[in-house]
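**Q** My questions all concern the structure below.
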Amino acid sequence: MRRDRVDLHTHSTASDGTFRPADVVRQAAGHGAAAIALTDHDCVDGVAEAAAEGVRLGVEVVTGIEISAEFGPGTMHILGLFVDPAVPVFGAAMARMQTARHERNPQIVRRLQTAGVAITYEEVVAASGGGQIGRPHFARVLIEKGYARDMNDAFNRYLKRGAVGYCERFRFAPAEAIGLIHHAGGVAVLAHPMTLGLESEALRAELTRLTAAGLDGLEIRYSAHGVADEARLRVLAQDLGLAESGGSDFHGQSKPEIRPVIGRGQLAVPVTVLDALRRRRPRAVVAPAEPR
Ligand code: AMP
Ligand code: ZN
Ligand code: FE
Ligand code: FE
């Protein structure tokens with residue numbers, strides 16, 4: 001098989017994916033990947049293992065992260081590609097995000113218990129397999145115990161904002177996340193822009209603000225994007241001078257319809273996309289916005 005595709009958005013057991021980092025690389029190679037970025041939520045813990053497997057298989061592994069940023073009532077995820085985790089300010093920021101999860105997760109358990117759900121923190125830890133704990137791990141326990149039919153049902157009934165188990169956690173503001181990524185030598189890409197839930201003018205206005213804050217790229221090709229989404233995002237990227245990125249958002253068995261590199265079967269991100277993003281890497285270290 002020719003390996004001339006890339007996948008710049010993947011998750012492993014280091015966060016809420018179900019396959020180990022090395023496995024993600026193997027599967028991506030099997031679907032034609034020349035390169036992948038491992039972009040676990042708020043951490044880079046899986047990258048060393050993925051990179052070692054990449055060397056074995058001849059797949060470039062880009063060090064990535066997907067940072068959850070503060071965004072009103074919605075979700076904003078900012079991908080950092082080519083980040084250097086050894087940069088101290090960046091390491092401290094990741095530690096802060098870990099602490100925020102450690103504070104939040106037991107509270108989710110308490111809220112669910114108060115609502116009459118028989119769930120323990122130990123069960124959630126077991127579901128996480130030792131990596132960072134996120135809401136999808138709570139969802140797995142809820143499904144196993146018959147409280148929910150599937151992931152979506154678990155989020156809707158128990159875990160999404162406004163549901164009984166929901167608990168806020170600290171998130172960086174978008175401009176802070178972008179500044180941190182640049183400071184670590186990385187390129188900042190807005191993940192799945194349609195999940196901001198904005199109509200066209202509001203989306204343009206938000207992207208204009210993010211671009212002013214230093215955003216480098218937009219995830220245009222994505223597993224859940226239709227032809228119309230891609231076309232819309234391509235116009236915005238062109239108007240704002242943003243680079244194109246693309247990825248599957250592979251999570252393994254928790255979203256079994258999505259495979260690495262090919263997404264739902266329709267996804268194809270050429271190597272040239274990665275080359276153009278690489279050229280956006282900051283040349284000098286940029287001081288991040290003052291951390292709060
Ligand atoms: P956390 O970062 O721990 O707050 O968990 C958020 C993660 O849960 C997101 O990054 C998604 O991977 C996942 N998620 C959020 N909403 C849903 C949903 N409705 N169905 C399945 N997974 C979801
Ligand atoms: Zn996830
Ligand atoms: Fe995301
Ligand atoms: Fe993701």
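Computed from the coordinates by the stated procedures, all read-outs in this text should not be read as laboratory data. Only a predicted model underlies this, so the values are computations on that prediction, with no experimental measurement involved. Note that each Cβ is placed from the backbone with ideal geometry, even for glycine, and that neighbours are counted across all protein chains shown.
**Q** What percentage of all Cα-Cα pairs in region 37-169 are separated by more than 20 Å? All intermediate terms of the calculation are to be shown ahead of the outcome.
**A** On the way: 4547 of 8778 pairs.
The proportion of pairs with Cα distances above 20 Å equals 52 percent.
**Q** Sort 271, 109, 6 by Cβ crowding within 10 Å, fewest neighbours at the top.
**A** In increasing order of surrounding Cβ atoms, one gets 271, 109, 6.
**Q** With the contact rule set at Cα under 8 Å and sequence spacing of 6 or more, what percent relative contact order holds for region 145-292?
**A** Averaging sequence separation for qualifying contacts and normalising by length gives 26 percent for region 145-292.
**Q** I need 220, 67, 119 ordered by Cβ neighbour count within 10 Å, fewest first. Show your work: numbers first, answer last.
**A** Details: 220 24, 67 27, 119 21.
Least crowded to most crowded, the residues run 119, 220, 67.
**Q** Compute the relative contact order of region 1-132 as a whole-number percentage, counting only Cα pairs closer than 8 Å that sit 6 or more residues apart in sequence.
**A** Relative contact order for region 1-132 comes out at 21 percent.
**Q** So which residue, out of 238, 132, 107, gets the largest mean-square fluctuation from a GNM of the chain using Cα contacts under 10 Å as springs?
**A** It is 238.
**Q** Let me ask another. Return the single residue from 111, 259, 26 with maximal mean-square fluctuation; model: Gaussian network over the chain, springs between Cα atoms under 10 Å.
**A** So, out of 111, 259, 26, the one fluctuating most is 111.
**Q** Once the Cα atoms of helix 174-183 and of the chain are each reduced to a long axis, what angle between those two axes, in degrees from 0 to 90 to the nearest 10, is obtained?
**A** Its long axis makes an angle of about 60 degrees.
**Q** Additional query: For the chain, find the longest principal axis of its Cα atoms and tell me its angle to the long axis of helix 21-30, 0 to 90°, nearest 10.
**A** The angle comes out near 50 degrees.
**Q** For region 227-236, take each phi angle, set θ = phi - 60°, evaluate the Karplus expression 6.51 cos²θ - 1.76 cosθ + 1.60, and give the result in whole Hz per residue in order, putting x for glycine and proline.
**A** Residue by residue, region 227-236 yields 4, 5, 4, 4, 5, 4, 5, 5, 5, 4 Hz.
**Q** With angles folded into 0 to 90 degrees, how steeply does helix 135-144 sit against the dominant principal axis of the chain? Use alpha carbons for both and round to 10.
**A** 50
**Q** I want the local charge near residue 222. Using Cβ-Cβ distances under 9 Å, sum +1 for each Lys or Arg and -1 for each Asp or Glu among the other residues. Intermediate values should be presented prior to the final figure.
**A** Details: positive: 221; negative: 219, 229, 230, 249.
That sum, taken over residues with Cβ under 9 Å, equals -3.
**Q** How charged is the neighbourhood of residue 192? Take every other residue with its Cβ under 9 Å from the Cβ of residue 192, and add Lys/Arg as +1 and Asp/Glu as -1.
**A** Details: positive: none; negative: 219, 249.
Cβ neighbours under 9 Å give a net charge of -2.
**Q** Continuing with the same structure: Can you tell me the alpha carbon radius of gyration of the chain divided by the globular rule-of-thumb value 2.2 N^0.38 Å? Mind dumping the intermediate values first?
**A** Numbers: Rg = 18.3 Å, N = 292, 2.2 N^0.38 = 19.0 Å.
Normalised Rg, Cα atoms only: 0.96.
**Q** A follow-up question, please. Please compute the contact order of the chain in relative form: average sequence separation of alpha-carbon pairs under 8 Å and at least six residues apart, divided by the residue count, as a percent. All intermediate terms of the calculation are to be shown ahead of the outcome.
**A** On the way: 595 pairs, mean separation 65.8, N = 292.
Reported as a whole number, the value is 23 percent.
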